[in-house]
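Bear in mind these aren't lab numbers, they're just calculated from the coordinates by the rules spelled out. Since we're looking at a predicted model, the values are computed, not measured. No Cβ is skipped: glycine too gets one built from the backbone with ideal geometry, and neighbour counts run over all protein chains shown.
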Amino acid sequence: MEYIAGGLPLWAFALALGVTLVSGVVKGAVGFAMPMIMISAFGSFMPIELALAGLIVPTVVTNVSQAFRQGAAAAWASVQQYWRMIGAIILFIVISAQMLPYIPQRVMLGLLGGPIVAFAVLQLMKVNLRVKLENRHRAEWISGVIGGLYGGVSGVWGPPVLVYLLSIGAEKREMVRVQGVVFLIGAVVLLGAHLQSGVVDRVSGAFSLALVVPAMLGLWIGYAIQDRLDAERFRWWTLVLLSLTGLNLLRRAFFG
């Protein structure tokens, strides 16, 4: 059997390209979920270390596009507004990435998945869980810490960020832009951390680079979908996808 990028057989590499394309469409449409879809699907037919390495470069590149879609000034304004969350994510990705071989991932995934499902379902039921204005800074720090801890060991730090943005009632374009900025900075830090940890090397790095093309193609398709969604439908689809993400995390926690 022929082996190519990442030491994968041809069928597995082709499947990875297809998964990346789909994850790019979803990310373009709602602003998140690319790493979650990729790590969940990749983990079923390749080693987890290669799966994590594979998602890193496409995540960096697509988040550059997402963060700067409304221009550099808007992106910088998001950095200034959400610096607490960004700072916490950076710090705790660096810390937790070095702990990857020692952390029981099933426990971590279960502790993340349960609250995400509960939050999304309550929001879909129209239960008001918005953060009070005086508590926003504290909630922002907490979201960043949790996101960074999970990001370093799984490549997924979006759900806590998204929960925070939904809870403060962020507008559609702001939500997508802030996710892009936060995810971009986190992805660059994750890349550096795993260059240090050895997860990203010459072979896995080439595999990750190869996935950029389908990721960007999917992203552009997703942008066209996003632009057609009104605010209410965008929020509904975001919550539905967040629910499915949480359920998938629980599935991985309990069934592997």
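The range 59-101 and the range 25-46 have their alpha-carbon centroids 18 Å apart. The ratio of the alpha-carbon radius of gyration of the range 5-255 to the globular-protein estimate 2.2 N^0.38 Å is 0.93. Span-like helix check, the chain: qualifying full DSSP H segments, with Cα axial length of 18 Å or more and mean Kyte-Doolittle of 0.5 or more, are 10-30, 48-67, 83-97, 105-124, 172-197, 212-228, 231-255. Between A224 and V121, the FRET efficiency estimated from the beta carbon spacing at R0 = 35 angstrom works out to 0.75. When you count the other C-beta atoms within 10 angstrom of each residue and take the mean per peptide, 168-174, 64-70, 25-31 line up highest first as 25-31, 64-70, 168-174. Highest GNM mean-square fluctuation among M38, M125, M216, for the chain modelled with Cα contacts below 10 Å: M125. Rank L162, L219, L244 by mean-square fluctuation in a GNM of the chain with C-alpha springs under 10 angstrom and give only the top-ranked residue. Highest fluctuation among the options: L244. Length gained on full extension, R233 to V64: 58.3 nm, using 0.36 nm per residue less the C-alpha separation. Estimated from helical segments only, the mean residue ellipticity of the chain at 222 nm is -26500 deg cm²/dmol, where each DSSP H run of four or more residues counts as -39500 (n - 2.57). Projecting the Cα atoms of G205, V22, M175 onto the dipole axis of the chain, where Lys and Arg carry +1 and Asp and Glu carry -1 at the beta carbon, places M175 farthest toward the positive end.
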